[in-house]
Amino acid sequence: MKTIEEAREMLEELGTLQEKGKATDLPCPRCGNDRMLPKPIQNALSRRAKVYICPECGMDEALRDMAGMEPLPLNQWGTVLGFDIEEE
């Protein structure tokens with residue numbers, strides 16, 4: 001399993017690709033579901049890493065913050081877990 005910092009680096013590299021329009025057809029980095037809107041700026045910018053996530057995950061992050069709940073650790077995001085599985 002990746003550390004939080006390794007996960008942040010991976011996600012922020014993906015965020016750079018999103019901004020350049022090179023990662024627009026990938027699933028949401030946070031939940032792993034295919035809910036991303038076509039243009040990155042139509043989605044939510046995560047509060048945890050410089051990467052766009054689906055609107056539903058953006059709302060979940062905001063609600064968790066408002067309720068004082070712990071955020072979903074970056075190394076438990078769908079994209080990060082997917083790479084961990086591939087490396088096994």
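The values are calculated or read from the model by the stated rules, or taken from the named source; none is laboratory data. Please read all numbers here as calculations on a predicted model, not as lab measurements. Because the Cβ atoms are built from the backbone with ideal geometry, glycine has one as well, and the counts that use them run over all protein chains shown.
Yes/no matrix, rows are residues, columns are (1) farther than 18 Å from Asn75 by Cβ; (2) exposed (fewer than 14 other Cβ atoms within 10 Å of the Cβ); (3) out of contact with any Phe, Trp or Tyr (no Cβ under 6 Å at 6 or more places or on another chain):
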site	(1), (2), (3)
Arg8	no, no, yes
Lys20	yes, yes, yes
Arg30	no, no, no
Asn33	yes, yes, yes
Pro38	yes, yes, yes
Val51	no, no, yes
Asp60	no, no, yes
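Restricting Glu5, Glu56, Glu12 to those that are without any contact (Cβ under 8 Å) to a residue 12 or more places away in the chain and either over 10 Å from the mean Cα position of the chain (by Cα) or in a helix (DSSP H, G or I) (or both) reduces the list to Glu5. Inclusion of Leu26 among residues that are farther than 14 Å from Val80 by Cα and surrounded by 14 or more Cβ atoms within 10 Å (Cβ to Cβ) is not warranted. Do we find a residue being under 22 Å from Glu9 (Cβ atoms) and part of a helix (DSSP H, G or I) anywhere in the range 23-37? Scanning the range 23-37 turns up no residue that is under 22 Å from Glu9 (Cβ atoms) and part of a helix (DSSP H, G or I). When you go through Ile53, Ile41 one by one, which is the residue that is of a type in the set (Val, Ile, Thr), out of contact with any helix residue (DSSP H, G or I) (no Cβ under 6 Å at 6 or more places or on another chain) and at pLDDT 95 or above? Only one candidate qualifies: Ile53. Check the range 64-79 and report whether any residue there is on the phi > 0 side of the Ramachandran plot and modelled with pLDDT of 95 or more. There is at least one residue in the range 64-79 that is on the phi > 0 side of the Ramachandran plot and modelled with pLDDT of 95 or more.
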